[in-house]
Number of protein chains: 2
Amino acid sequence: MSRWEPGAQERLSRAAMELYAERGFDEVTVAEIAARAGLTERTFFRHFGDKAEMLFANGGNFVAMFVDAIAAAPPGPPLEAVTAGLYAAAADFEPRRPFVLERQKIINSHTDLMERELLKLSALAEAMSVALRDRGVAEPAASLAGWTGLTVFHTSFARWVAATDGRTFESIITESLAELKVVAAG
Amino acid sequence: MSRWEPGAQERLSRAAMELYAERGFDEVTVAEIAARAGLTERTFFRHFGDKAEMLFANGGNFVAMFVDAIAAAPPGPPLEAVTAGLYAAAADFEPRRPFVLERQKIINSHTDLMERELLKLSALAEAMSVALRDRGVAEPAASLAGWTGLTVFHTSFARWVAATDGRTFESIITESLAELKVVAAG
DNA sequence: AGAGTGATGTCAGTTGCTGACATTAATTAC
DNA sequence: GTAATTAATGTCAGCAACTGACATCACTCT
């Protein structure tokens, strides 16, 4: 037993998600989030660097999924290793669809949050590029493949979020990859 | 003759660039920028939406260059229209290299500025996608080509900025495009 | 028992940013 | 030619994000 209710970070996350969904990101103050979590504004900033960060706090796992899949992929062309990462992500997202949609609705409704998301996505592209270089892929191929992976992920994700027909993320990625090869061939 | 010195926006831009370069983005207050420009903090925010925006204020022209080049490109595969946009941008950047490098140094030194830059770049990718759809390119090919254009631009730009051997932006783009085709072929 | 640790609270302060209203040269309306 | 309007700026008051310094106190280690 500790002096305070445990799980402060979790409570802050929940409170923030609820309030953002109820009233919109910039209609909610940090003090309100903290109050609903039974904590103080100052404590909020000890757990999250800023007001937006809580929506991206588990970004490390996200990147690791891609990187691990790339590292574990059998030898072959870089885009195939990246593809392994894409499928790993799709498998992770698919069962969490309701949560992911809710979160994305919040993000898409506010520019600051979109900025932050793009920063995280660019970090993903760079991490994939590094993972490819670790497999011996030279520049500029590694960076191009990393960013191409991001292109496929990002456009496929948008289609998956918008889909109303229950299509799987995986099938959208498969289609996008095929289409990309046609487009890139010029 | 008007009541005040003309060119307030220009003065604010210059003052900000100087101060950001001298002391770093977040060591400079808006009040200081305004004072150096002979204006008031309140006036600063009438010209620029926020402290970062001045570094991206001419982003409209930038996007327009790509979009116009895509619209004007002869009929052909989408990636060739995008390529026309890339070369147009390279021609625009090349003679302004010293300024571009200085600006990029500031941006790369601060996360908030990188976020904003990525937002502008994603707007570029979306604008290119729209321009391609206007030429009759279907989805998802249009989005994939637009974001692939961004991939080539962004990675080539980074190499051009880092280059110490005086290589031209155009030659880097040509090389990146060739490499991209190899990578995407899988 | 005493010392130390770690998560939280308290408080005061800076700064980005906004709304409401005032000012006044230049312009336009009559 | 005077009056009304406009446009760019100034003044002032205030909110909310974020930070640093220091206090608290259950728990743990020695």
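Read-outs throughout are calculated quantities, based only on the coordinates presented, and are distinct from any laboratory measurement. Not measured: the values here are computed from a predicted model. Neighbour counts run over all protein chains shown; Cβ positions are idealised from the backbone, glycine included.
Given N residues in region A:1-49, what is its alpha carbon radius of gyration divided by 2.2 N^0.38 Å? Intermediate results must be reported in sequence, preceding the final value.
On the way: Rg = 10.7 Å, N = 49, 2.2 N^0.38 = 9.7 Å.
Cα-based Rg divided by the globular estimate yields 1.11.
Output the Kirkwood hydrodynamic radius of the protein assembly as shown, Cα pairs only, in Å rounded to one decimal.
Numbers: mean 1/r = 0.0443 Å⁻¹.
Averaging 1/r across every pair of different Cα atoms and inverting gives 22.6 Å.
On a 18 Å Cα-Cα criterion, which of the cross-link pairs A:Lys181/B:Lys181; A:Lys51/A:Lys120; B:Lys51/B:Lys120; A:Lys51/B:Lys105 come out too long?
Working: A:Lys181/B:Lys181 8 Å; A:Lys51/A:Lys120 15 Å; B:Lys51/B:Lys120 16 Å; A:Lys51/B:Lys105 27 Å.
Table pairs above 18 Å Cα-Cα are A:Lys51/B:Lys105.
To the nearest µm²/s, what D does Stokes-Einstein give for chain B at 4 °C and 1.567 mPa s, using the Kirkwood radius over alpha carbon pairs as Rh? Write down the numbers at each step before the final one.
On the way: Rh = 18.1 Å.
Diffusion coefficient, whole number: 72 µm²/s.
Would you calculate the separation in nanometres between label points at A:Ala178 and A:Asp50, each defined as 7 Å from the Cα along the Cα-to-beta-carbon direction?
Those two pseudo-labels are separated by 4.2 nm.
Report, to the nearest 10°, how far helix A:59-72 tilts away from the longest principal axis of the Cα atoms in chain A, using its own Cα long axis and a range of 0 to 90°.
Helix A:59-72 sits at roughly 20 degrees to that axis.
Using Cα-only point scatterers and the Debye equation, what is log10 of I(q)/I(0) for region B:26-123 at each q in 0.12, 0.16, 0.21 Å⁻¹, rounded to two decimals?
-0.53, -0.82, -1.14
What number, in nm² with one decimal, is the all-direction average of the projected area of the convex hull of the alpha-carbon atoms of region B:76-186?
Projected over every direction and averaged, the Cα hull of region B:76-186 covers 7.5 nm².
Relative to a virtual label point 7 Å from the Cα of A:Thr43 in the Cα→beta-carbon direction, which members of region A:1-29 show backbone nitrogen distances below 17 Å?
Residues A:1-17 fall inside that zone.
Mind giving me the nanometre distance, one decimal, between the label points for B:Glu94 and A:Glu80, set 7 Å out from Cα along Cα→Cβ?
Between B:Glu94 and A:Glu80, the simple spin-label model gives 3.9 nm.
Can you give the mean number of other chain Cβ atoms that lie within 10 Å of the Cβ atoms in peptide A:142-154? Could the numbers behind the result be given before it?
On the way: counts 2, 9, 13, 7, 3, 9, 9, 1, 3, 11, 4, 0, 4.
Partner-chain Cβ atoms within 10 Å, mean over residues of A:142-154: 6.
Per-residue ellipticity at 222 nm for chain A, helices alone: DSSP H runs ≥ 4 residues times -39500 (n - 2.57), over residue total, nearest 500 deg cm²/dmol? Present the calculation step by step, with values, prior to reporting the outcome.
Details: 9 runs with 135 residues, N = 186.
Mean residue ellipticity at 222 nm (helix-derived): -24000 deg cm²/dmol.
Quick one: divide the alpha-carbon radius of gyration of region A:45-95 by 2.2 N^0.38 Å and tell me what you get. Please list the in-between numbers first.
On the way: Rg = 14.3 Å, N = 51, 2.2 N^0.38 = 9.8 Å.
For region A:45-95, the normalised Cα radius of gyration comes out at 1.46.
Averaged over its residues, how many other protein chain Cβ atoms are within 10 Å of peptide A:36-45's Cβ atoms?
On the way: counts 0, 0, 0, 0, 0, 0, 0, 0, 0, 0.
What the average comes to for A:36-45 is 0.
Tell me the angle of helix A:8-23 to the major Cα principal axis of chain A, expressed in degrees between 0 and 90 and rounded to the nearest ten.
On a 0 to 90 degree scale, this one is about 90.
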